[in-house]
Amino acid sequence: MMGIDSTWIETILLVLFVCLIIVFLWVMIWDSNRFVIRKYAFQSDRLKKNCRIVFLTDLHNKEYGIGNEKLLQAIGELAPDLILIGGDMLQAKPGVSFEKGAKLVLKCAEKYPVCYAFGNHEYRAGIYPETYGTMYQDYMKCFEESNVRFLNNESVSLQESGIRITGLNLDRQYYKRFGKRKLLEGYLSESIGKADRASFQILLAHNPEYFPDYAGWKPDLVLSGHVHGGVARIPGYKGLVSPALRPFPHYDGGLFEEYGSRMVVSRGLGMHTIPVRLFNPGEVVVIELETGTHAKQEGGEEASAHNQDGGAADV
Ligand SMILES: [Fe+2]
């Protein structure tokens with residue numbers, strides 16, 4: 001009996017395999033050098049007026065176009081009332097420049113009010129001078145003449161809009177790899193006091209893993225990042241890995257409504273240890289806050305608005 005020539009089958013399988021690798025590599029390069037804009041809208045009767053917030057996080061010193069011109073152009077087109085920064089704009093690595101991250105924040109601050117909460121990279125650069133030298137001091141010096149408002153376990157109230165923003169700077173023990181440490185009892189209230197229930201309370205908390213604890217603090221909205229969307233995503237499912245090297249992290253990106261609270265997790269704009277993104281482009285998050293009569297706000301993802309070709313990137 002004549003069988004199918006096994007050489008042909010092997011050749012076809014090999015060609016298919018090579019094609020698949022090429023497609024994956026192309027998507028990886030494409031996604032590592034572009035960003036999308038993702039919008040969410042929430043209502044509250046505690047807001048005194050509508051407010052459009054652009055939320056940027058985890059840039060890790062990446063550049064979209066020379067001087068981040070593509071990113072700045074997209075922000076300009078969005079015409080935000082306020083820019084919130086969720087941390088990790090630099091990369092805490094000895095000898096690595098923070099210039100691109102600092103410049104982007106400063107450019108934003110020239111046009112818009114900017115509130116900036118730390119991520120683990122700013123925090124790490126500050127507490128390990130034996131490793132990072134004067135990186136933290138030099139970085140912070142860049143902002144001395146600017147209007148950037150750093151929220152290092154601090155809050156700011158925007159009287160005109162009825163918004164209060166609190167920036168949480170988690171201790172290093174809550175960023176350990178392999179395994180999650182429980183937040184010490186009373187840690188949040190000792191670090192950041194109490195939520196303001198008379199305002200629309202936003203909590204900028206870089207690490208989304210502690211959302212159950214954040215929810216207990218009773219914010220109206222948590223804005224988080226850190227997970228980079230799970231680095232590579234299985235389309236329509238989840239991100240692959242968290243910075244703590246946990247597979248398929250639950251809080252990998254998007255809107256989470258749990259424990260009677262809500263959190264938007266940005267997939268971030270940059271990368272570091274694993275310097276690629278797959279099916280997971282960078283992300284600019286837009287939060288539309290609208291005055292409304294609902295005591296309990298309704299929010300939702302409007303889906304990706306449009307893509308921005310990131311141009312040549314320095315990864
Ligand atoms: Fe981070």
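Here, each number is a calculation from the coordinates, and none is a lab measurement. Computed from a prediction, not measured in an experiment: that's the story for all the values here. Don't worry about glycine lacking a Cβ; one is built from the backbone with ideal geometry, like all the others, and counts go over all protein chains shown.
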Straight-distance crosslink candidates among lysines, where the alpha carbon sits under 27 Å from Lys39 and sequence neighbours closer than 8 are dropped: Lys48, Lys49, Lys62, Lys70, Lys100, Lys103, Lys107, Lys111, Lys218, Lys238, Lys296
Highest first, please rank the peptides 217-229, 124-136 by the mean number of other Cβ atoms sitting within 10 Å of their residues. 217-229, 124-136
Multiplying the sequence separation of Val18 and Trp30 by 0.36 nm and subtracting their Cα-Cα distance, what value in nm do you get? 2.5 nm
Checked segment 58-196 with the C-alpha gyration tensor, a ≥ b ≥ c its square-rooted eigenvalues, rounded below a/c of 1.5, otherwise prolate if a/b is larger than b/c and oblate if not; verdict oblate
Give the peptides 194-202, 175-183 in descending order of average Cβ contacts within 10 Å, highest first. 194-202, 175-183
Could you tell me the center-to-center distance, by alpha carbons, between segment 112-139 and segment 36-59 in angstrom? 25
Burial order of peptide ranges 4-11, 98-105, 143-150, 69-76 (average beta-carbon count within 10 Å, highest first): 98-105, 69-76, 143-150, 4-11
Semi-axis lengths (Å, descending) of the ellipsoid that matches the C-alpha gyration tensor of segment 12-91: 36, 17, 12
Dimensions of the chain along principal axes (Cα, Å, largest first)? 83, 47, 42
Give the distance, in whole Å, between the Cα centre of segment 170-204 and the Cα centre of segment 66-84. 29
Under a Cβ-only charge scheme (Lys and Arg +1, Asp and Glu -1), can you give me the dipole magnitude of segment 36-303 about the Cα centre, in debye to the nearest 20? 520
Assuming R0 = 45 Å, what is the FRET efficiency of Gln73 and Glu185, from their Cβ-Cβ distance, to the nearest 0.05? 0.45
Note, segment 260-271: 3J(HN,Hα) by Karplus (6.51, -1.76, 1.60, θ = phi - 60°), whole Hz, Gly/Pro = x, goes x, 9, 9, 9, 9, 9, 7, 7, x, 10, x, 7
